Structure formats: structure tokens, C-alpha cells
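K.L.:
Input: one structure, supplied below.
Derivation of every value follows stated rules applied to the coordinates shown; laboratory data play no part. None of these values were measured; they are calculated from a predicted model. Cβ sites come from the backbone with ideal geometry, for glycine too, and all protein chains shown count toward neighbours.
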Amino acid sequence: MRVLFVLILLTALVLPIVALAEPQTFTATHTYILGDDDSRNSARQKCLAEAKRKILEQVGIYLESKSELITSSQSTTSGSAKSPQTTNEERQQITEQINTLAAGVMRSEVVKEDFGEINGRLQLTLTLKAEVDPDDIHRQLAARRVDQGVRKQVTEQEQRLAQVEEELKGMMKELRAGAAPEPQKKDGGTPDLAAVRERANRGDAVAQFNLGLRYVKGHGVPQDYATARGWFEKAAAQGDRLAQSYLGFLYQTGRGVPQDYTQARQWYEKAAAQGDRLAQSSLGVLYALGLGVPQDYATARQWYEKAAAQGDRLAQVALGYLYVEGKGVPKDEIKGVEWIRKAAEQGDANGQDSLGEMYRDGRGVPKDYVRAYMWYNLAAAHLTGNGQKIATDNRDEIAGRMTPVQIAEAQRLAQQCQAQGFKGC
């Protein structure tokens with residue numbers, strides 16, 4: 001559905017001979033009868049909003065007809081004898097996208113305003129004129145689609161790094177299976193730095209790894225990725241999978257070493273062979289994005305599956321999208337949503353944002369704006385930076401298609417879902 005929509009819009013961009021139309025002018029008139037609590041200014045705002053709504057209805061019908069023109073032009077240009085038929089769902093998506101953007105760029109002005117008393121009641125009548133350029137609308141729609149795709153990739157990378165940072169917090173307590181625990185203080189607290197360093201200097205791989213983590217986090221020592229890399233290398237040379245995995249992370253992100261995706265892949269492969277889910281998920285990212293390796297969705301899927309089976313949330317979301325889009329695997333939106341839901345129900349904000357998208361567009365689940373709003377709301381509450389902005393924008397955008405009662409229900413469900421730990425929402 002999305003692919004068809006993007007192709008239609010891009011076809012309009014690259015074929016200048018298919019100009020849609022000259023700018024069109026629309027007019028609408030609305031009369032508002034003032035209530036006891038209405039001031040003239042508040043009445044004017046309400047009347048103006050209703051007049052704009054009437055114009056947008058006209059604009060939407062007109063622009064949707066021009067979307068049919070683009071579809072026909074695409075078919076004619078490609079040499080097919082018959083124009084492709086859009087489904088009702090695709091038509092609805094096109095119309096919603098067009099109307100949303102038209103509302104933001106439509107140039108309107110009040111051309112007539114009458115205020116007076118009729119039959120003992122004050123009333124205000126406004127006549128509104130708006131000008132819309134169909135070509136401009138479609139150019140901006142195509143640009144918005146491209147921008148959203150780029151922002152989505154950036155967000156996924158940001159969430160990837162954020163998740164790794166969260167993993168670091170827990171890794172201080174994680175030791176290899178069968179390894180002797182580090183000495184602790186008498187009160188059971190964190191081991192003394194001197195004790196960790198002494199064991200690391202004696203060649204203990206666990207201590208070397210944990211000392212490297214201290215330098216990554218700046219825990220008891222200045223934060224120093226280069227020094228962390230040195231200790232990770234010592235532990236990794238002894239086969240420590242965690243050190244190998246985090247060496248891959250340093251090379252992937254260029255922290256403490258020049259960024260080198262090939263080196264990152266090599267270290268991730270060593271850790272992944274020992275079952276490290278973080279390394280497996282990271283390999284999936286490299287192959288999915290073509291970083292240091294040829295882009296290969298099938299191989300990315302294999303690594304994501306291994307990590308997702310161990311509960312890696314990023315891998316679950318990424319695997320879900322591969323199924324939804326049919327990349328490296330037969331397209332199966334229902335199965336894709338199942339994987340995304342696993343991450344969302346673990347409290348993963350990126351998974352919750354993605355699940356909101358699925359409900360908004362009706363992919364793998366019935367279209368449901370209440371559920372979409374609920375998941376976007378949960379995601380926005382836990383994401384940061386650009387990810388939070390995208391989730392908030394998505395939530396607010398669909399709120400414009402909902403009634404106040406539906407919004408209130410979505411907010412209630414979000415509170416209930418969080419209270420029950422995101423399970424069964």
C-alpha cells in the first residue's frame with residue numbers, strides 16, 4: 001500500500017508533462033448563532049473553523065480526483081493498457097494524507113463578514129476563500145514521505161544506541177557462566193576499583209571486561225573509550241563474548257577508535273557465535289542497512305531471529321518490519337505485528353511507536369485509531385529526542401481524526417495498559 005502510494009507520487013514528480021492543474025479557488029460560507037457565553041471574538045473563531053472545514057471537504061474531493069489522474073498517468077506512461085485500480089483502503093490513505101497536508105498549506109482569507117441580530121439572536125456569517133495548488137500539495141506529500149523514511153532510519157539508529165547504553169547499566173552485574181565472581185566489599189556493594197584492576201592485571205578476563213565497562217560509564221574513573229577498548233581487547237582475546245560484543249559496539253559507533261564497520265562485524269560475529277543476543281541483533285542492523293557488508297535482508301532476518309528468540313527488543317521490532325514489508329522473507333503483516341507486539345509488551349518504546357503505526361494504517365491488525373493513539377501515547381511518554389517528537393506528532397495527527405470521546409478512551413486505555421505492565425493491551 002505505501003509502496004504504491006510513494007510510486008504514484010514520485011511518478012508525478014519525475015514526469016513534468018503530467019501537470020495536475022492550475023491553482024484552484026474554493027469558497028464556503030458559514031453562519032454561527034451566538035450562545036449566551038459567546039463573545040464576538042470566540043464566535044468568530046468557531047465560525048471560521050467551520051468555514052475552513054467546509055472548504056477542506058471541497059479541497060479533499062477535488063484533490064482525490066487529481067490522485068486518480070496521477071494513477072492513470074502512471075499507467076499510461078508505463079505502457080499498460082489498463083490503469084491500476086486503487087483499493088478503498090489505499091484511496092482512504094491517499095485522501096487522509098492529502099487533507100492533512102492541505103490543511104497546513106492552504107492559503108485562505110475572509111472575503112465577507114456579516115454580524116447582526118436576526119429574530120432576536122445575534123449571528124455571524126463568514127464567507128471564506130481559499131486557494132490550493134494541487135501540484136504543490138503533491139510535491140510536498142512526496143517530500144514528506146521521503147523525509148519520514150529518513151527520520152525513521154535515524155530514529156531506529158538512535159534507539160539502537162540508547163538500548164545499548166541501557167544494556168551497559170546491567171552488564172556491570174553480568175558475568176560469564178562459570179566464571180568466578182569478583183570480590184565484593186564486606187557490605188556486599190560494588191567491588192573496589194583497586195581489586196578489579198589487580199585481577200585484570202593478572203589476566204582475569206571477567207575483571208578486564210568489567211574494568212573496561214567502568215571506563216565506558218565513567219564509574220570511579222574518568223570516562224575514556226580508548227582505555228575501555230584496551231581492556232575489552234584483552235578480555236576478547238581470551239574469548240570473552242561480552243568484551244567481543246562491546247568491542248563491536250565501539251567500532252560501529254567510532255568511540256575510542258576510528259569507526260570501522262568491518263571490524264565491528266568481525267567482533268560481533270565472534271560474540272554471536274557464542275550466543276550473545278546483542279551481537280546477533282547488531283549483525284542484523286549491519287546487514288539490514290548495508291554497513292560494512294552488502295545490504296542483505298535475508299541474512300539480517302537470520303540474525304534478528306536469533307536475537308529476537310532471546311527477547312532482544314530491537315531485533316523483535318526490526319524482524320517485525322521485515323515481515324510487514326516483505327524484505328528477506330515472504331510478506332506477512334500479521335506475523336510482523338506479532339513480533340512488534342512482543343517488544344511493545346516488554347515496555348519497548350520503539351516497539352510501542354511501531355505498533356501505533358500498525359493500528360493507524362491497519363497493517364496486520366484492523367485499523368483502530370483508539371489503539372493507535374494509545375500506543376503512540378505510551379511511546380511518547382518514554383522516548384526522548386527525535387523519537388519522542390515523531391511519536392508525539394503521530395499521536396496528535398490521528399487525534400485530528402478522532403472524537404473527544406475516542407481520545408478520552410485512548411488515554412484511559414494507555415493508563416490501564418501501563419498499570420498492567422503493557423501485557424494484553
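K.L.:
Please compute the length gained on full extension between Val405 and Lys54, using 0.36 nm multiplied by the number of residues separating them and subtracting their Cα-Cα distance.
P.N.:
Numbers: separation 351, 0.36 × 351 = 126.36 nm, distance 2.26 nm.
The span from Val405 to Lys54 would gain 124.1 nm if fully extended.
K.L.:
Could I ask something else about it? If I take R0 = 25 Å and measure r between the Cβ atoms of Gln274 and Glu198 in this structure, what FRET efficiency does the formula 1/(1 + (r/R0)^6) give, to the nearest 0.05? Write out the running numbers ahead of the final one.
P.N.:
Numbers: r = 27 Å, r/R0 = 1.07.
So, using R0 = 25 Å, E works out to roughly 0.40.
K.L.:
Okay, moving on. Taking 27 Å as the cut-off for C-alpha to C-alpha distance, list the pairs among Lys54/Lys112; Lys217/Lys342; Lys46/Lys129; Lys335/Lys423; Lys54/Lys389 that go past it.
P.N.:
On the way: Lys54/Lys112 16 Å; Lys217/Lys342 29 Å; Lys46/Lys129 16 Å; Lys335/Lys423 18 Å; Lys54/Lys389 30 Å.
Pairs exceeding 27 Å: Lys217/Lys342; Lys54/Lys389.
K.L.:
Describe numerically, in nm with one decimal, the distance between label points set 7 Å from Cα along Cα→Cβ at Lys129 and at Asn41.
P.N.:
Spacing of the two 7 Å Cα→Cβ label points: 2.8 nm.
K.L.:
With r as the distance between the Cβ atoms of Ala381 and Asp260 and R0 = 35 Å, compute the FRET efficiency 1/(1 + (r/R0)^6) and round to 0.05. Numbers along the way, then the final one.
P.N.:
Details: r = 37 Å, r/R0 = 1.05.
Efficiency, from the Cβ-Cβ distance: 0.45.
K.L.:
Taking 7 Å along the Cα-to-C-beta vector as the label spot, tell me the Asp393-Glu109 distance in nanometres, rounded to one decimal.
P.N.:
Those two pseudo-labels are separated by 3.0 nm.
K.L.:
What length, rounded to one decimal in nm, is gained on full extension from Tyr62 through to Ile33, with 0.36 nm per residue of separation minus their alpha-carbon distance? Present the calculation step by step, with values, prior to reporting the outcome.
P.N.:
Values: separation 29, 0.36 × 29 = 10.44 nm, distance 2.97 nm.
Answer, rounded to one decimal: 7.5 nm.
K.L.:
Identify the residues of the range 365-387 with backbone N under 15 Å of a label point that sits 7 angstrom from the Cα of Gln418 along the Cα-to-Cβ direction, or state none.
P.N.:
Correct set: 373-384.
K.L.:
Rounded to the nearest 0.05, what FRET efficiency do Thr25 and Ile118 have when you use their Cβ-Cβ distance and R0 = 25 Å? Could you put the intermediate results ahead of the total?
P.N.:
Numbers: r = 29 Å, r/R0 = 1.16.
About 0.30, to the nearest 0.05.
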